[in-house]
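Written below as structure tokens is the structure these notes are about.
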């Protein structure tokens, strides 16, 4: 690249860089700084340096640990459900070909709904007594009483329940991306494999899946990041309860930073969260993308 | 001469209010919660007329009242001139609020419910002026209580008259009595009452029984010491939890029921009694546009079936947790003089709030003026409850929100799960409070 | 059509119906009279058709105003995000140097930050610019969310454009900037539109920043919707009505743009 090229590249990157520096990096630097201080929400001027104490507190707190595990579990639930459902529907669409256009359009609907509305809506669908879900299940004879499943009150299942609106909102995203990925697989390749005597399952296992791998990786990556940060969509359903059984890390950060005003501690948790996300992303990056590049196709 | 004098008086009357105002009319920014804004609207209009100032209400959802104000305090002081805040936030904002001692004269103090006045006091000075008060009272189904058949059956079974409950025993008896499967399909379709295990509701409701049992306060004593495991706490929690865990006279899954859900269960006819805030009786009679007897959520017929009684009494008498809101003037306000005048004016015209659909006030005289009138039948119960000997506010500690979220709510949810005994739950709470630095 | 196909079609139709039923139920609830919206036991169809819940929209000036605010904020943030992202994405895809790669990584990291953690410093920043409760403040906040996305999407689209196109334009005497604006932008118009749609949606539906940064003037619709659940009442009817109205324009829009949206997702995903 010539020197003028380089200068031009930097010039092109400058506006976005300046924006991100001012509106993201600056608040982020504040966050990093605060994580080494004891500082109250409403008295940012009265701060005392405490070194790594906030981090030590965060790493030894059972509440933080629990929230971290639930964040992982929540992300796992959302990704698994979205991917399974999304892939299944994408395959169905694919087998229908062009005829699926109307269905695909309808499938886009939930993507247009604000997460806050989706959370409130699902709370209303699931909640005992008023909820239509248990009512229908009872009428179908699947439940003896509408109180048999406490979607939002049972500690053992609440994390699954609060994941439902998130799954509902974004399965369409997963489906549509995977569908287009499927459509982009050259028909000639599939045809060739079929001539070689591959069955439908083999075709899927040895042709479709490897070719779809980069698309799958990106989808999981983007959705994983977003699910791990989920906040308001869960908050409006349960406020993290009962007994913190649906509290994820972003909520714990919110509680400590805003509601309890313990900015230093909350900042330390947020910094740890960000570092963990980075580490996991790198791990995912090298384990999903790289091997594929090294192996060629499977 | 006489006519000149008269002219002077008229002139004075006309220009008087303007002369009282500051030289420059200002715009006051007032932070309020979306649900309570109506209580101050009429008075604010009057204030604008009389002073020439402009009042701009900033209406936000409940949690944002705290968050907006806190965010502004955190970044160089609030731009609000007045904020109407929930009592639980008083300690958090007390150091940032202008003392209002000058406004709280003896006369004012005499006209405000004592528990309310105490809640606005911080380090010996009043930082908040009560704007309206509320408390949980007993709602019951008048049609059931006044039914001669029910009365006879109740008399036969319990040996005393069926009337709105006044004690723990009566409350329990009646809740047991009315829990029934009225259509005979094998499933209970009318429950005696409900218990709340979801916030908001889980955090406060059990406390009223703690007070009724004679505790000097809830969770923390006046000196900040831990009292969460005293005898009254145990008695109160045991009473509350037993309705669900032992007697089964409440709808299933209490951990999904908070105030909003409990209110709806009652007004939809699922429960025979409920503990709920005093405003709902009057509010239910208005349709969405503010017309009378609209009963948007239950229908006009059902409204006639709703009765309201004072909160029940324990050994120590009637007790409830007041839910007052206060006007505070942030120290950073640039229009302090006008803001003070506004707070004073809101107190003076407090009675206007009673006429709103929400129908609440902080002044005893305002409540008494309307008590007993049509559509105000609930006020008598509310006054009796607010004047209860054991009606005491929540502890004024700056990190109450944390105590509430981290200790109180999970403790109640534990107890309502029926697997942890109330005594063990309270012992756990003590441990948590000690870990937070309380003694 | 053979029976197998028919079965597949029936299956898809069923899944589809199940999938959109929550939205359908919200819509149906919005046509119930208020006392029916919270009925126990609940019922699916309105017992009586009513527009009561929609009366809020006509009576309460705050609701239509919040829709307007949402629209303006979304337009502002979309314009800003796309105009910032376009040159950056071009630099990344055309010149592919290490600053470009590094920038992609930065964009990704930006997406990992839990917003709530930097909300207060961001609020402080807006206050020091005297921007709180303005469209611009919310729009800027929304750009921090949509800019990384826009850069990734656009980089994917622009990569598909052969670099000869720019060279040819330069031979014809265009400056680099002119080549980008006059030659590349029209060719990439489809991708830019898709990117814009995603930026618009991100802003239109955003709640947290809007909640903290607005109070009266710039309050957006999601805040107003959340307000129906107040201390003293849950106005579920109005909430469903306003929620339905709010999602309707974007749904109708998406019907027309369906193909482009799908294309956009794939481009971003495959190229990213």
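Tabulated data for the structure shown
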quantity: Pick from region C:26-59, criterion part of a helix (DSSP H, G or I) and out of contact with any helix residue (DSSP H, G or I) (no Cβ under 6 Å at 6 or more places or on another chain), ranking: nearest to the other protein chains (Cβ to nearest Cβ); calculated: C:35
quantity: So residue A:89, is it part of a helix (DSSP H, G or I), at the interface with another protein chain (Cβ under 7 Å from one of its Cβ atoms) and in contact (Cβ under 8 Å) with a residue 60 or more places away in the chain; calculated: yes
quantity: Check on residue B:213, outside the structural domain of residue B:123 (by TED's automatic domain parsing), free of Cβ contacts under 8 Å to residues at least 12 places away in the same chain and buried (at least 18 other Cβ atoms within 10 Å of the Cβ); calculated: no
quantity: Flag if residue C:201 is crowded, with 19+ Cβ neighbours inside 10 Å, in contact with a helix residue (DSSP H, G or I) (Cβ under 8 Å, 6 or more places away or on another chain) and either in a loop (DSSP other than H, G, I, E, B) or modelled with pLDDT of 80 or more (or both); calculated: yes
quantity: Number of the exception - residue C:226 against (1) within 14 Å of chain B (Cβ to nearest Cβ); (2) surrounded by fewer than 24 Cβ atoms within 10 Å (Cβ to Cβ); (3) part of a helix (DSSP H, G or I); calculated: (2)
quantity: Any hit, region B:167-190, residues being within 23 Å of the chain's Cα centre (by Cα), part of a loop (DSSP other than H, G, I, E, B) and either modelled with pLDDT of 95 or more or within 19 Å of residue B:407 (Cα to Cα) (or both); calculated: no
quantity: Hey, residue B:220 surrounded by fewer than 24 Cβ atoms within 10 Å (Cβ to Cβ) and under 22 Å from the mean Cα position of the chain (by Cα) or not; calculated: yes
quantity: Qualifying residue in region C:33-53 (condition: under 29 Å from the mean Cα position of the chain (by Cα), without any contact (Cβ under 8 Å) to a residue 60 or more places away in the chain and outside the structural domain of residue C:138 (by TED's automatic domain parsing)); calculated: yes
quantity: Of residues in region B:37-46 being in contact with a strand residue (DSSP E or B) (Cβ under 6 Å, 6 or more places away or on another chain) and crowded, with 22+ Cβ neighbours inside 10 Å, the one nearest to residue C:233 (Cα to Cα); calculated: B:39
quantity: Region A:101-110 - residue that is assigned to a helix (DSSP H, G or I) and within 7 Å of chain C (Cβ to nearest Cβ) and, of those, farthest from residue C:205 (Cα to Cα); calculated: A:103
quantity: Unmet criterion (only one of (1) more than 14 Å from chain B (Cβ to nearest Cβ); (2) at pLDDT 80 or above; (3) assigned to a loop (DSSP other than H, G, I, E, B)) for residue C:173; calculated: (2)
quantity: Tabulated pairs, region B:102-130, first within 15 Å of residue B:348 (Cα to Cα), second at pLDDT 90 or above and exposed (fewer than 14 other Cβ atoms within 10 Å of the Cβ), C-beta under 8 angstrom, 6+ apart or interchain; calculated: B:111/B:365
quantity: Test: residue in region B:51-63 that is in contact with a strand residue (DSSP E or B) (Cβ under 8 Å, 6 or more places away or on another chain), crowded, with 23+ Cβ neighbours inside 10 Å and under 25 Å from residue B:396 (Cβ atoms); calculated: yes
quantity: Count of residues meeting criterion [surrounded by fewer than 17 Cβ atoms within 10 Å (Cβ to Cβ) and closer than 20 Å to residue A:97 by Cβ] in region A:170-208; calculated: 15
quantity: Helices (runs of 4 or more DSSP H) enclosed by region A:1-79 - at least 1 residues per element that are touching a residue at least 60 places away in the same chain (Cβ under 8 Å), out of contact with any strand residue (DSSP E or B) (no Cβ under 6 Å at 6 or more places or on another chain) and within 14 Å of another protein chain (Cβ to nearest Cβ); calculated: A:26-34, A:53-60
quantity: Residues (crowded, with 19+ Cβ neighbours inside 10 Å and either within 16 Å of residue C:142 (Cα to Cα) or modelled with pLDDT of 95 or more (or both)) located in region A:9-27; calculated: A:16, A:19, A:20, A:23, A:24, A:27
quantity: Residue that is surrounded by fewer than 24 Cβ atoms within 10 Å (Cβ to Cβ), under 22 Å from residue A:153 (Cα atoms), more than 7 Å from every other protein chain (Cβ to nearest Cβ) and in contact with a helix residue (DSSP H, G or I) (Cβ under 8 Å, 6 or more places away or on another chain), where the choices are A:230, A:245, A:276; calculated: A:245
quantity: Selection count where residues are in contact (Cβ under 8 Å) with a residue 12 or more places away in the chain and either under 14 Å from residue B:206 (Cβ atoms) or assigned to a helix (DSSP H, G or I) (or both), scope region B:419-439; calculated: 11
quantity: Residue match in region B:183-197 (condition: more than 28 Å from residue B:147 (Cβ to Cβ) and in the same structural domain as residue B:305 (by TED's automatic domain parsing)); calculated: yes
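One line per residue, one yes/no per condition, for (1) surrounded by fewer than 19 Cβ atoms within 10 Å (Cβ to Cβ); (2) at pLDDT 85 or above; (3) touching a helix residue (DSSP H, G or I) at 6+ places or on another chain (Cβ under 7 Å); (4) more than 8 Å from every other protein chain (Cβ to nearest Cβ):
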site: C:208; (1), (2), (3), (4): no, yes, yes, no
site: C:211; (1), (2), (3), (4): no, yes, yes, no
site: C:222; (1), (2), (3), (4): no, yes, yes, no
site: C:239; (1), (2), (3), (4): no, yes, yes, no
site: C:253; (1), (2), (3), (4): yes, no, no, yes
site: C:263; (1), (2), (3), (4): yes, no, yes, no
site: C:267; (1), (2), (3), (4): no, no, yes, yes
site: C:270; (1), (2), (3), (4): yes, no, yes, no
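The values are calculated or read from the model by the stated rules, or taken from the named source; none is laboratory data. These figures come from a predicted structure and were not determined experimentally. Here Cβ is always computed from backbone atoms with ideal geometry, including for glycine, and neighbour counts include all displayed protein chains.
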